[in-house]
1. Quick check on this structure: which one of 697, 671 is of a type outside the set (A, V, I, L, M) and either part of a loop (DSSP other than H, G, I, E, B) or in contact with a helix residue (DSSP H, G or I) (Cβ under 9 Å, 6 or more places away or on another chain) (or both)?
2. Might you check whether a residue that is within 19 Å of residue 165 (Cα to Cα), touching a residue at least 60 places away in the same chain (Cβ under 8 Å), assigned by TED's automatic domain parsing to the domain that holds residue 157 and not basic (Lys, Arg) occurs anywhere in the range 242-256?
3. How do the strands (runs of 3 or more DSSP E) wholly within the range 43-157 filter down when requiring 3 or more residues that are closer than 25 Å to residue 262 by Cβ: which remain?
4. What number of residues in the range 608-654 are within 23 Å of residue 232 (Cβ to Cβ) and hydrophobic (A, V, I, L, M, F, W, C)?
5. Go through the range 97-117 residue by residue and tally those that are of a type outside the set (A, V, I, L, M) and surrounded by 20 or more Cβ atoms within 10 Å (Cβ to Cβ).
6. Under 23 Å from residue 498 (Cβ atoms) and either in contact with a helix residue (DSSP H, G or I) (Cβ under 7 Å, 6 or more places away or on another chain) or at pLDDT below 95 (or both), is that true of residue 332?
7. Mind checking whether some residue in the range 350-371 is part of a helix (DSSP H, G or I), surrounded by fewer than 19 Cβ atoms within 10 Å (Cβ to Cβ) and polar (S, T, N, Q)?
8. Sort out which residues of the range 99-115 are of a type outside the set (Gly, Ala, Ser) and within 21 Å of residue 173 (Cβ to Cβ), and write them in order of number.
Amino acid sequence: MDDFFVNGTFRTKGVYGIRSMNDGAHYTVLANNGTQIVKYSYKTGQPVETLVDLKTIENSPVKYISNYTFNNDESRILISTNVNPIYRHSYTADYYIYDFKNKELKPLSENGSQRLATFSPDGLRIAFMRDNNLFIHDLRFGTERQITFDGKYNHIINGAPDWVYEEEFSFNKAFEWAPDGSALAFIRFDESAVKEFPMNMFEGQAPALKENELYPSVYSYKYPKAGEANSLVSVHVYDIQDKTTMTMDIGEEQDIYIPRIRWTQDPKKLAIIRLNRLQNKMEILLANARTGKSNILYREENKYYIAESNFDNLVFPEDGQHFIITSEKNGYMHIYLYDMAGHEKKAITSGNYDIADFYGYNPATKTFYFSSYEESPLEKYVYSVDSKGQKKKLTPNKGWNNATFSKTYQYYINTFSNIDTPPVISLYNAKNKLVRVLEDNQQAQETIKGYAIAPKEFIQIPAADGKTMLNAWIMKPLDFDPNKKYPLLITQYSGPNSQQVKNSWGGVNWLNYLAQEGYAVACIDPRGTAARGEEFRKCTYMQLGKLESDDMIAAAKWLAEKPFIDKQNIGIWGWSYGGFMSSLCIMKGNDIFTTAIAVAPVTHYKFYDSIYTERYMRTPKENEKGYEENAPLNWADKLKGNLLLCHGTADDNVHVQNTYELAERLVQANKQFDMGIYTNRNHSIYGGNTSRQLYEKFVKYLNEHMKK
C-alpha cells in the first residue's frame, strides 16, 4: 500500500504546461520550479531563449510562477502567483504584468488578490474580478477602473459563476472581451434567494485551523438543491469608450440558465446560450451589444436533455459567416456547420458513433479536428476532416488517444495509452509525421516489469434486460487457480456519460493490490454510461440509479456463476455516484452483495444540486417516484450485509448530510454498519496521511468481511 500512497512507485510522467506561441512553430514551458518561462522549438525540441527569469529581476516580488498568459501580440505576459483555490475551478491569485520591451514586472493591482485576469484582444487593458466586482486595468496609464459596484459575497457575483454553475457547467469565468477590445460582456448572478448550506470547520490537522481549536467556525455558501431557487442571471455589456453598461435581452422567463456567452467575430454581436430549467431546450441568442436587443440564432430541443459538453464547442470562425456547434440531434454526438442566419450548411461528422472531443478548426486549410469512438466504445482516436469531407485518422496506435494542437495546427501532441501501456506522449507535424517522443514512461514500464501484476481482461456481461451487453474488465487473482474460489469486488462509478471500462492505462493501484491478496476484481459500465450513443447514454433519464443498480446486480449474479467466484463473498465499492450505487446495491441486491463500501455517496437526490440532478431527474415535485424509488435512504431496512460509509465533513459537493441521514435510517431500522468520518476533508478526502489511512481502512474492511 505504501507503493501507492507514500512512495509513488508506479507514478507515470506527463508533459505539462506546453503553450503554443502565435507562430505555431514555438512553444513555452515553465521551468526551474516556476522561476523561468522558456521558449522552445517544436521542430528541434531545443530551448530558443529564456523569456522570463525571476532570478534576474532585481527585488522580484514574485518568487514562483503558477500560471501565465500572453497578450495577443506576445509583447506582454500576465503572471499569477500565490494561488488560493476556492472551489473546483475557481481561485484567487496575485497577478503581475511583465513587459518584454522594458523588462519590467509590475503588480496588476495594489488593492488585494484578484481573479480571472484577462488581456483585452487589443492588448491595451486587463479585466479582472475582485470581491465579486469587475475591474479594468489600463496598461497605458496604469489606472484601475471599477465597472460594477453591487458585488457582495453570497448575494451578487459579477463576472464569475456561482457554485452550482462552476461545478455543473464546468467553467469559472463569466466575462468575455469583444474581439476588438471595445467592450466587456459579463454575466451577473443574483444568488440572494438561493439558500445557504453551512459546514462546520474544526481544528483538524494537515492543515490545522488553530482558530477553531475550541469552537468550530461555520463556512456557509449558496447551494441550490434540486427543486430549490437558483441564482437569477442577467447579461450585460460594458462599453469601454462610453463607460456605460447595457443590459442584454435574454427573454421574460427568469428561471433559466445562461451557461456561456461568446462574442461573434462582429464586436457588436454577442452570442448568449440560453437553457431552460429542465435543460431540454437550448437557444443561442444573438444580441446587439449597443442596444441590447436579441434574436434567436439557433434552437434545439431534446426529449431528454441537452448535454453540457456542447457549450464549449460553440465556435465562430474567422470568416464571420458561420458558426460550429456539436449536437446529439441524430442520436449520436456530431459536429455541424451553420451560417449566421441559423441555417445548417452541413454535418461535419456523421455515423452511428459519438465524437468525444472537438479540438478546433483551422481556417487556413478549412480542416476540423476531433476525436471519436468510431471504431469501438473502448477506444478513442484522433481525426481530421476537411471541407470536402476527406477524413484522416491521425492516431494509428490501438487504444486511447488525446491531442493538443499548436495555434496554427502545424504540430500536435498525442497522448496515447492502452490497458497494458503507460502514457506515451509524442509530437507530430501537420503531415502526421512523428517528430519525436516527448515522454515514453520507460522508467514506469521497467518498474512495473519488476512486479507481478494481474492483467485486466475485457469481457462483456449481459445487462438486466437480458439483451444489452455491458462492457467490463476482470482482474483474476495472482497465482490464479481455476479450481479455487475467490472473493469478488466490483468497482464502478456508473454515472451518466461516465466511462470506467476503456482501453487506456488505468495505472497500478489498490485494486492491483487486492488481486495480489487473492481477490477477483471486476469493473462494469452499466446502461447510462458513455460512448454508445444517446439512447444508451440517456436511458436512465428520470430514474437515476434504477437501471444502473439492476445491471450491477445482474452482473454480480452472472459473475457468481463462474466456477472461480465465491458467491458468498461478493462486494461492491464506489465513490460519489459510485458510492450512491454501492450503497443502493448492497440493500436492493441483498441476495447477492454481501459487502459494500460507499464513499461520499448521494443517498437521496433531493440533497444534491439543482443543475446536475434536474438535468437527469427533473424536479422532486415533477418526478417524486423517480427520486423516492431509487434513493438508498428508502432501502435502509433491506440491509443484510456489511456496509462501510465514508465521508468528509467539509465536502462542498456531496454534503456529509447524505451519509448522516442514511446512517440515521439504518440506526432506526436496527441495522449494523460501519462509518469513517474525515474531519475538514472535501469530496476527494485527502491531505496529510488521509489517503493512506482511508485505503487501508477499505482493505481491512474487505479482509474482515470477505475472506473466510
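1. Checking each option against the conditions leaves just 671.
2. no
3. By residue number, 67-70, 76-85, 91-99, 115-119, 125-130, 133-138.
4. Total satisfying the criteria: 2.
5. Looking only at that region, the number is 3.
6. Criteria met by residue 332.
7. Scanning the range 350-371 turns up no residue that is part of a helix (DSSP H, G or I), surrounded by fewer than 19 Cβ atoms within 10 Å (Cβ to Cβ) and polar (S, T, N, Q).
8. 107, 108, 111, 114, 115
The values are calculated or read from the model by the stated rules, or taken from the named source; none is laboratory data. This structure is a prediction, so every number in the text was calculated from the model and none was measured. Please note: Cβ atoms are built from the backbone with ideal geometry, for glycine as well, and neighbour counts cover all protein chains shown.
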